[in-house]
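The values are calculated or read from the model by the stated rules, or taken from the named source; none is laboratory data. Small disclaimer: the values here were computed from a predicted structure and weren't measured. As a convention, Cβ positions derive from the backbone with ideal geometry for all residues, glycine included, and neighbour counts pool all protein chains shown.
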Amino acid sequence: MKILLINPSFFEVWGKNRSLESALPPINLLYLAAIAEKEGHKVKVLDMHADNLTFKEAVNESKKNDLIGITCVTPTANIAYKLSQNIKEEDSDVNIVVGGPHPSALPEEPLKTNSIDFVITGEGESTFSDLIKCLEKGTSPNKVKGIYFKKGKKISHTPPHHLITNLDSLPFPAYNLINIKKYFYPYQKKRPLSSILTSRGCPNTCTFCNKNIFGHSFRFRSAENVIKEILYMIEKYKIKEFLVYDDNFTVIKKRALEICQRINDEKLDISISFENGLRVDKIDYEILKALKKAGCYLIGYGIESSDQRVLDSVKKNISMSQIRNAVMLTKKCGIGIVGYFIIGFPSDTEATIKSTIKFAKDLSILSKFSILTPFPGTELFKMLDKQGLILTYDWSKYIVHQEPIFRHPNLSPEKIFELYREAYRTVYSNPKLILQEISSVQSVTHFFRLMKGGWNLFNEFFK
C-alpha cells in the first residue's frame, strides 16, 4: 500500500508573535510511518511546515496514493479539512484519515466535511496498523478499535484502543523520511537536532491541558532503549542536539538518573534541552546535576502565574515556593531556563497579571507568554463552553498569541492583549537578562538563533 502522511503548516499558530517560530520533526507521523514501513508499505512523509509547501504542491504529492493521513491541532484543523477536500476533488477514491489532538477531542467534526473517511482518536500506532490491514483486506472497519467513520450518512465509532504499555516495542521514528537538517527551534544550541520522546502520559490534572492522545497513565521507555535510539541518531544522522519532548521526564527519578548516567557512560558529546517543559515539583539538585553532566543546557518550566489562587483554580498543583526553588537550583547548576506564563486565566485580574509580569522579570529568565486559549478536549473548554463564554468556534482563531476567544469575567480582550504585550516589553527590556543571555552563547548556531529571536521580539513589541 502507498501511504502519504501530511503535517500541515502551522506557522499561523504563533499568530502575531513570530519570535516563537520553530519547526520540529513531526514525531507523531514518524512513529506511524515507522509502523507502516515495518509492515512492508511504501510510506512518504510530507511536512508542509518545514518545507513551506503550498496547498497545490501538497495535493500534487497526494496523487496515486492508497491512503492519506493528516495530523492536526486545533489551530490547523481548518487547514487539514481544506486540504482533505482539495485532495478528494483530485481523487475521490483515496482514503483519508485524520488524527491528533483536535480530531481526538471532536471526532465527529472531521467526518461532517464529507472529505474525510476515518478519524483516529488517541494514541495512533496500533489503530493505524489495524486500519491499514482492514483497508488492504477490504473488510469492515467495525473491528478496528479507536476510530470514527461513516456508515452511509450515520457516524459510527468503535471502542477506544488500549494504550501501548510496552513502549520499547515501538520502532524508532522513521527519520529517513524527512530532511533532518530543516528543523530548528528558537533556543537551539547545536545542529543538526532531533526530538526524542522517552515517555508518554501525564498524571497531572491541569484544566487547560489536553490529555486525549497519551492519557493520564504514565508509561516510559527503558533507559537502554532510549540510549539505543540516541546512539542510532548520532551514527546515522550526526545529531548533536536532542530536544526531549516528554511531558514528565523526571516523574520517576531513578529512571531519569539512569538515562543521564548511560549518556555519561557512553561519553556522548551532545546537547540536551527540555524546552517542552519539566514540572517544578519533580526537580531536585541531584537530578539537575545529572542532567547538566549529561549535556542539558536548557529547561522549560510551566510556571503559568505568580498568584497561588490562580494556580489552584486551574489545578496546576504546584506552589510558589516550588517555583522559586526550581529556578534557584537550575541556575545554581548552570542550566538555562525558559519560563512559560499564561495570561488571562478566568480567575485572573489586571492585578494578578501585572504581578505575574513582575515576577517573571524578577526571576531574570527567558520567558514565553501566551494568552489563555481553551482548546477543545480540555476541562477548561468544557467549562467555558457550558457557561456560554466561548466567543468563536473558528479554529483558526485559537492561537495563543492574539486576542482571547472567550469572554473573560474580569477583563476585555483588548486589555488582555495589552497586558500580553506589556509582559514581553517588561521582561525583555531587562538589561540583566540581556547580558545573561549574551554571556551564555556557546556556539554560532546558538548565537544566530538568539539574535533572530531578539530581532523578532523587537519588531513585534518594541516598535
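Looking at Lys289, is it out of contact with any His (no Cβ under 8 Å at 6 or more places or on another chain) and surrounded by fewer than 20 Cβ atoms within 10 Å (Cβ to Cβ)? In short, yes. Restricting the search to strands (runs of 3 or more DSSP E) fully inside segment 136-207 and requiring at least 1 residues that are under 29 Å from Arg255 (Cα atoms) gives 193-196. In this structure, Asn325 qualifies as part of a helix (DSSP H, G or I) and outside the structural domain of Gly122 (by TED's automatic domain parsing).
I'd like to know if segment 65-83 contains one or more residues that are in contact (Cβ under 8 Å) with a residue 24 or more places away in the chain, over 27 Å from Tyr185 (Cβ atoms), buried (at least 16 other Cβ atoms within 10 Å of the Cβ) and of a type in the set (Asp, Glu). Checked segment 65-83: at least one residue is in contact (Cβ under 8 Å) with a residue 24 or more places away in the chain, over 27 Å from Tyr185 (Cβ atoms), buried (at least 16 other Cβ atoms within 10 Å of the Cβ) and of a type in the set (Asp, Glu).
Consider segment 218-239 and keep the residues that are charged (D, E, K, R) and closer than 17 Å to Ile178 by Cα. The one that is surrounded by the most Cβ atoms within 10 Å (Cβ to Cβ) is Glu229. Scanning segment 66-120 for residues that are touching a strand residue (DSSP E or B) at 6+ places or on another chain (Cβ under 8 Å), under 21 Å from Thr54 (Cα atoms) and charged (D, E, K, R) turns up just one, Lys88.
Residues that are in contact (Cβ under 8 Å) with a residue 60 or more places away in the chain, surrounded by fewer than 18 Cβ atoms within 10 Å (Cβ to Cβ) and either in contact with a strand residue (DSSP E or B) (Cβ under 7 Å, 6 or more places away or on another chain) or assigned to a loop (DSSP other than H, G, I, E, B) (or both) within segment 365-394 comprise just one, Asp394.
Of the conditions (1) at pLDDT below 90; (2) within 24 Å of Glu109 (Cα to Cα), Tyr81 satisfies every one except a single condition; which number is it? Here Tyr81 clears every test but (1). Picking from residues in segment 217-241 that are within 19 Å of Lys190 (Cβ to Cβ) and not in a helix (DSSP H, G or I), the one that is nearest to the chain's Cα centre (by Cα) is Glu241.
Scanning segment 258-275 turns up no residue that is surrounded by fewer than 20 Cβ atoms within 10 Å (Cβ to Cβ), under 22 Å from Thr205 (Cβ atoms) and touching a residue at least 40 places away in the same chain (Cβ under 8 Å).
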